[in-house]
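Please treat every number below as a calculation from the coordinates, not as lab data. Please read all numbers here as calculations on a predicted model, not as lab measurements.
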Amino acid sequence: SNPATFSLGGVTFGTVGADPLSDMSGRAAHRAPEREDRIPRVASHMLEQRSFYPVYPPDESVPLDTERYAHVEMPFAPDVLLLPSKLRPFVSEREGTLLVGTGTLTKSRVAGTYARLTIHPQDASTLSSVRAAARPERGPAQLGLTVTTANDATLRAAEEAAERDGTD
C-alpha cells in the first residue's frame, strides 16, 4: 500500500510514493537558523504531525484521495523514514528516527542518486533493549543501520575499492 510501514530485521520502516518534501518545502513560511539544514527540518514535521503527507490540501499534481486522507496518518514513528524526493538527497537523525531523502534515481539524461541501507544483524536481546530505550536514545547505530547515498559512479568506485581491499 502507499504509504507503507513494514519491518525488516526488527527495524521498522515507513515510506510514501508521493513527494511530500517538495510540497512542504514550497509552502514553508518558517525561517530556520542559518546553520540548520532546511530539508531534514521540513521532513521532521512529518514525524511531529504523525503524517506521511502533512499538507492539506495536497498540490493538485499529487495523486492523493482527499476524501480518504486518513490513510496518510503515520501510526507510529518508524526507525527509518524513506523519502523519495526531487529535492537534494540527505540523511539525518531526528528524535530516534533516521530520515533518508533518496533524491531521484534519474535526472533528465544523467544519473541521479539513491540510498543504500545496510541492516547489520542484531540478536533479539539487543533489539529488545534498544526498543525499550526512549526514542532519542534508539538511533540508527543502536539498531545496526548504516546508510549511504550516492550516485552510480560514486557507489561503483566504492564497491570496486572494497573488492580490491577484500572488504564489503
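Below are the figures for this structure:
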item: Gyration tensor verdict on the stretch 42-85 (Cα atoms; rounded if a/c is under 1.5, prolate if a/b is larger than b/c, oblate otherwise); result: prolate
item: Using θ = phi - 60° and Karplus 6.51 cos²θ - 1.76 cosθ + 1.60, couplings along the stretch 39-44 (whole Hz; Gly, Pro as x); result: 5, x, 5, 5, 4, 5
item: Dimensions in Å of the stretch 61-111 - Rg and Dmax from alpha carbons; result: 14.0, 38
